[in-house]
Amino acid sequence: VQDALDFAMADGRYSQAAMIIKNGKIIGEQYRGMGPNEKTAITNHATSNWTTEALDLYYGTRSANSLATSWSVAKSFTSIIFGIADTYNSDYFPNGLDTTAATFLTEWENDARNTITIKNILDMRSGLEPACYDGQTSTWAVCSADNIRAGGTMMTATDQLIGCINRDLAATGVNTHDWYRPGEDPAPTFEAGYFVYSNCDTMILGEIFYRAVNQDIKTFGDTHLFSKLNISADWWRDNSTGGQANGNYLSYCCIDMTARDFAKVALLLMNDGVWEGEQVIPLSYVQAIKNITASSVITETGGSQSYGLKFWSLYGLSNCGGTGVQLGNQKCVPDNTIITPIGFDGQYMLMDFTNNLIMIR
């Protein structure tokens with residue numbers, strides 16, 4: 001355990017928190033601010049405006065009470081809240097997650113997009129073009145290869161929702177190598193239901209939720225998820241006027257809470273959705289998340305891992321991720337036995353359901 005924590009927290013890996021939980025108990029936990037080598041690397045970078053003093057101010061001491069930003073880990077929280085809402089009131093989504101998005105996104109009801117289901121969007125299989133926002137020209141366009149592999153850029157848009165709604169279906173049979181696996185021969189072609197990791201797909205889920213439930217996803221989540229676990233979560237919004245809550249919640253990213261709070265949600269899933277005797281997340285939804293290794297294999301990118309309901313399975317673990325790094329008597333787990341949300345630059349809530357093991361980074 002200590003070897004693993006030391007590895008995660010080494011100067012140069014930019015970790016601020018790492019936890020290991022076995023059988024519901026914390027067996028390892030460490031926090032730190034930015035290390036000397038990390039400060040040097042950032043301040044000396046050619047495009048950096050940071051000073052050591054500024055880094056110390058913003059990224060100084062870290063503890064169990066420090067907030068961490070989730071980035072795309074929040075996508076999985078959006079999914080969980082949909083799962084709760086679908087069971088809480090069957091009127092919200094008349095056909096469950098197979099309800100078409102156009103039931104609520106009336107902008108889609110009179111064209112070919114009216115067949116896209118909520119489940120398609122949860123699985124990143126909307127069939128829509130990946131959209132990105134160019135802050136220099138203030139325009140939305142189909143993403144470049146570099147941008148789509150990160151999900152698509154949109155953070156600089158005042159309204160991050162409108163460009164995600166106003167997307168077209170991608171043309172069937174068109175070469176997609178610009179989006180994935182460049183240089184492959186033959187390159188894969190786009191088909192209906194093709195997996196494309198897209199921030200926009202999750203951003204529109206926030207609006208679908210708002211129109212279906214008549215409540216924004218953060219307010220509903222506070223009542224039916226976060227408060228149950230005694231979590232105080234901050235969820236970022238865009239800068240649009242009005243919207244869901246004087247701004248649209250960034251349902252594709254950006255929940256701030258402590259590492260222990262993220263661990264609570266992982267433990268809730270590990271406990272089949274039950275917290276202190278209450279079924280917070282429907283058991284059927286937890287089972288569906290566990291089953292993504294069978295139901296949601298990403299054949300489009302080689303079939304090595306799975307993605308479904310905004311959760312990933314991890315592959316490349318049978319040989320320690322191919323790094324050749326061995327930590328004492330470390331044993332690497334078989335591929336696709338760990339289910340996790342994943343956030344930009346390495347946020348994880350790693351869950352090994354077989355061994356009742358959770359790792360937070």
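Among the GluC sites (Glu not before Pro) in the range 187-294, those located in a DSSP loop and surrounded by at most 11 other Cβ atoms within 10 Å of their own Cβ are 276.
Annotation: per residue accessible area for the range 53-175 equals 46 Å², rounded to a whole number [probe 1.4 Å, protein chains only].
Figure note: 205, 67, 314 ranked by solvent-accessible area, largest first, 1.4 Å probe, ligands and nucleic acids not counted: 67, 314, 205. Accessible surface of the range 1-156, 1.4 Å probe: 49 percent of it comes from carbon and sulfur atoms. Per residue, the range 196-262 exposes 32 Å² of solvent-accessible protein surface, assessed with a 1.4 angstrom probe and all protein chains in place. One compactness figure for the range 92-241 is 1.11, namely its Cα radius of gyration divided by 2.2 N^0.38 Å. Once backbone amide H atoms are built at 1.01 Å from N, residue 247 has 242 as its partners under 5 Å, excluding neighbours fewer than 5 places away on the same chain. Using the Kyte-Doolittle scale, find the helices of the chain whose mean hydropathy is at least 0.5 and whose Cα atoms extend 20 Å or more along the helix's long axis, counting only whole DSSP H runs. Both cut-offs are met by 73-88, 199-213. Of the GluC sites (Glu not before Pro) found in the range 7-109, those in coil by DSSP whose Cβ has at most 13 other Cβ atoms within 10 Å are 109. Temperature 20 °C, viscosity 1.002 mPa s: under these conditions the Stokes-Einstein estimate for the range 226-320, based on its Kirkwood radius over C-alpha pairs, is 135 µm² per second.
Share of carbon and sulfur in the accessible area of the range 199-304 stands at 40%, probe radius 1.4 Å.
For the range 26-141, rounded, prolate or oblate, judged on the Cα gyration tensor with a ≥ b ≥ c (square roots of eigenvalues), a/c < 1.5 rounded, else prolate if a/b > b/c? Taking the square roots of the gyration eigenvalues as a ≥ b ≥ c, the range 26-141 is oblate.
Shape descriptor for the chain: Rg over Rh equals 0.95 (Cα atoms; Rh from the Kirkwood inverse mean 1/r). Pairs exceeding 23 Å between alpha-carbon atoms, taken from 22/264; 75/290; 25/310; 218/310: 25/310.
The values are calculated or read from the model by the stated rules, or taken from the named source; none is laboratory data. Bear in mind the structure is a predicted one, so any value in this text is a computation, not a measurement. Here the Cβ is made from the backbone with ideal geometry for all residues, glycine too, and neighbour counts use every protein chain on show. Side chains are part of the model used for accessible areas, which takes the heavy atoms of the whole protein and leaves out ligands, DNA and RNA. Shrake-Rupley method; radii C 1.70, N 1.55, O 1.52, S 1.80 Å.
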